[in-house]
Every structure is written in C-alpha cells, then in structure tokens.
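Structure first, then comments.
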Amino acid sequence: MLGFISARQAGLEDPLRLRRAESTRRVLSLELNKDKDIERIHGSGINTLDIEPVESRYMLSGGTDGVIVLYDLENLSQKPCYTCKAVCSVGRSHPNVHKFSVETVQWYPHDTGMFTSSSFDKTLKIWDTNTLQPADVFHFAETVYSHHMSPVATKHCLIAVGTKSPKVQLCDLKSGSCSHILQGHKQEILAVSWSPRYEYILATASADSRVKLWDVRRASACLITLDQHNGEKSKASSEAENTAHNGRVNGLCFTNDGLHLLTFGTDDRMRLWNSSSGENTLVNYGKVCNESRKGLKFTVSHGCSPEFAFVPYGSTIAIYTIYSGNRMAMLGGHYSSVDCCVFHPNFQELYSGGRDGNILAWVPSLREPEPDDTSEELRPQQRLNPAYEDAWSSSDEDG
C-alpha cells in the first residue's frame, strides 16, 4: 500500500491502479459485519434489493409478504455499532401495498424521488418516494416476474417487464401505457436487463432455456438467440433452436462495461457471453447451485481488477472472478436460501437478502497492523499477566 502511494505521488503509477488494487483487496476480504445490523421489517423472505445510484445511500427491499422497505445505509450516529433504520415502508396496512410477493424493486436511475416495484399481483407500480404513493400503475394479464429500467437511457423511458406470458412487455413512462411487445420466447420470462452500454439493447431470459438480445428500435427486434454450443451442436442433438442453458434461465447480469453478459440457469451452470457477438466465452465456473423456481438476483463488482460476480449459492453467496471462473470465497451467514444480493461500489460492501427474512451486510475486514520498529517496545506490555506465569525454575541458584 505504501509503495502504491509513493509511486502515485511521484507520478510513476496510474492513480486508478491504486484504487483498483485496494478495491480488489477489500472485496476479497469481505466478511459478515458484526457491528452493523439492518432493521428487520419483513415478516418473511426477501426477494430483491436495490441501492440508488445517485448518492448510494438509500436501499430498497421487497419481500414475499408484499412489503417494500426503504433503508438509510449511512451511519448518522457515528457509533461503531449501529443499526440501519428503515426510513419508511409500504406495509400491509398501506392502502396501495402489493397484494402478493414483490419480485423486483428498482430506483429511478437519475433521481431518488421515484422508484418502481413489480409483484405477483400482476402490477408494476411507479412510486413517488416523498409521498409514498403510486404515481402510476401498470396492470398485466399475467404474473410479473421481473422488470428493469435502463441505467443509461436518455432518449426513452421504457421499462422492460417479464411476465408469465412468453411476450416481453415494454411500458413507456411518458405515455403511461405499454408501447410494444417483443415476441420470440415460448415460455415465461424470468429475468430482463437493459445493457449499461447501449440504451436500446435489452437481454431477456426465459424458462424455455433461451436468452435473447433485442434492439427495441427494430421491427424484428431480436438480434441474437444465445447458443451455448456456439453453432457447433452435436449430431445427436434434437434441438431446433439455440439454447443458452439446459434448464430454466432465471438470472441475468451485464458486466459494468456492458461488453459481457452473465446468465444463470437451473442446470446449475453460469455462463459468460460476449454481448456484441453472442459468443459463449466458455469460462468454466463449475457447478453453481440454483434451485430457485423464479428469478434470482445476482450482481457484479465495480472498479476491481479482476472483476467479481456475487452469486446466491443455496444459503451462501459465492464470489467468482468473472473472466477466469475461479471461486474465490463463500460467504455464509443466512439460515435459509439467498435470493438476492446487491453491491455497494463506493465502499465495496455487499448486501444480501434471504428467505430467512434477514438482510445481511458484508464489509471488508480491517487490515492487520503491519509490524514496525516500535513492536519490540510493545512486547513487554503484551506478555502474560505475572499471576499466570509459571515461577518454577530448575536453576540451582534460584534455590
């Protein structure tokens, strides 16, 4: 660390290299925070978490009980041991609460004054954060599994919605109606995600084992159907169409630069794809346990070298290097299956939600004090209390 700082001061190192090195060290030392608790509000499992990108201070959670909670992650008490309190919540007594399980919550990407939520009650709600009242409600004919707003869009306000129907719905915030539908999947849409690089590119994952990339500007919107075999199917294969996994695909996540896409399936496999060519990069992550019947929310790091993926793995969270597939650590602390996790890029912290109803905070462990010249002087103070020392001696002089 001191070497990095000296080299930076002398202009010998890129300042970003120091930042990446320290961010990477912090991620690799993540542990359960014993001093920081998240106030428990949900009466049952937690499906989704999201940290707003403006200040990275407020976090939303959505549970199977239909409740939405807004937390303040900042330690205003300045005490080493503290609890992150709920600022407000849409509880069971709220007149506009979701009737069934909340599957996805997301902040409006450019302002904390608005957030969105979707639920098994077949609705997508647009909320005013200040009044905690819905500004708009979209109703669907089928159960809603997932929705997503583009983090980079400047020319459209579309929300992609995945439902039990095989059609992807695009809802326009400006007009307050569904602008158009993307057809191509054969079963329910379990996950949707906009590219963080191109505002018109959308990825969708379905129970039909397929992942599709779409350009929503085009009439025939589907660009690519991802193929796990890269076009080299075995002769014995009876598949008529490309498949990304050999099971339901219930997890999607772009890397932060948008150049690659991670997919997660119930075949216990995670795959990394080139988002431009649709090529399977064939990175081997080994078996990645996935028993979820609905969407699973996983996330990636930001500003590290290499970058990492944080993936729910039963009642633990597995940390993988994205481009080499190495499993670096397993974070255990939940009493039941983990369904979602979200990364805090400013402090390299991780928050996870599970079916046990708990939200856990994972923070970098403190550095061990480095030995220095004063360590010799401190040793006498660190010796065992004389009362516990053995005074026996075999020396004749001691009599």
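Which of the lysines could a cross-linker bridge to LYS122, judged by Cα under 25 Å and excluding same-chain residues fewer than eight apart?
LYS99, LYS164, LYS167, LYS174, LYS186, LYS212, LYS294, LYS297
How big is the gap, in Å, between the Cα center of the stretch 292-341 and the Cα center of the stretch 117-140?
29 Å
Could you state the per residue volume, in Å³, of the convex hull enclosing the Cα atoms of the stretch 50-200?
It is 126 Å³ per residue.
Shape call for the stretch 210-322 from the C-alpha gyration tensor, a ≥ b ≥ c root eigenvalues: rounded (a/c under 1.5), prolate (a/b greater than b/c) or oblate?
Oblate, since a/c reaches 1.5 and b/c is not below a/b.
What share of all Cα pairs of the chain, in percent, falls into each consecutive 20 Å distance bin?
Calculated P(r), rounded to whole percents: 25, 52, 16, 5, 1, 0.
In square angstrom, rounded to the nearest 10, how much accessible surface does TYR58 have for a 1.4 Å probe?
Around 50 Å² of this residue is reachable by solvent.
So, R0 is 41 Å and r is the distance between the beta-carbons of ASN346 and HIS229; what FRET efficiency does that work out to, to 0.05?
Efficiency, rounded to the nearest 0.05: 0.55.
What net charge is computed for the residues neighbouring SER165, neighbours being all others with C-beta under 9 Å from the C-beta of SER165, Lys and Arg scored +1, Asp and Glu -1?
0
Report relative contact order for the chain in percent, whole number only (criteria: Cα-Cα under 8 Å, sequence separation at least 6).
Relative contact order comes out at 13 percent.
Compute the Kirkwood hydrodynamic radius of the stretch 29-121, taking the inverse of the mean of 1/r over all pairs of distinct Cα atoms, and give it in Å to one decimal.
Result for the stretch 29-121, one decimal place: 14.0 Å.
Using a probe radius of 1.4 Å on heavy atoms only, what accessible surface per residue do you get for the chain? Whole Å² is fine.
Accessible area per residue, the chain: 49 Å².
Net charge near MET114, counting Lys/Arg +1 and Asp/Glu -1 over other residues with Cβ under 12 Å of its Cβ?
That works out to -3.
Would the stretch 160-213 count as rounded, prolate or oblate if I go by the C-alpha gyration tensor, calling it rounded below 1.5 in a/c and otherwise prolate when a/b exceeds b/c, oblate otherwise?
oblate
Measure off, as a whole percent, the carbon and sulfur share of the 1.4 Å-probe accessible area of the stretch 14-157, all protein chains present.
On the stretch 14-157, the fraction of accessible area on carbon and sulfur atoms equals 50 percent.
The values are calculated or read from the model by the stated rules, or taken from the named source; none is laboratory data. Every value quoted in this text rests on a predicted model; they were computed, and no experiment measured them. Quick reminder, even Gly has a Cβ in these numbers, built from the backbone with ideal geometry, and neighbours come from all protein chains shown. Ligands, DNA and RNA are excluded from the accessible area calculation, which covers all protein heavy atoms including side chains. Shrake-Rupley method; radii C 1.70, N 1.55, O 1.52, S 1.80 Å.
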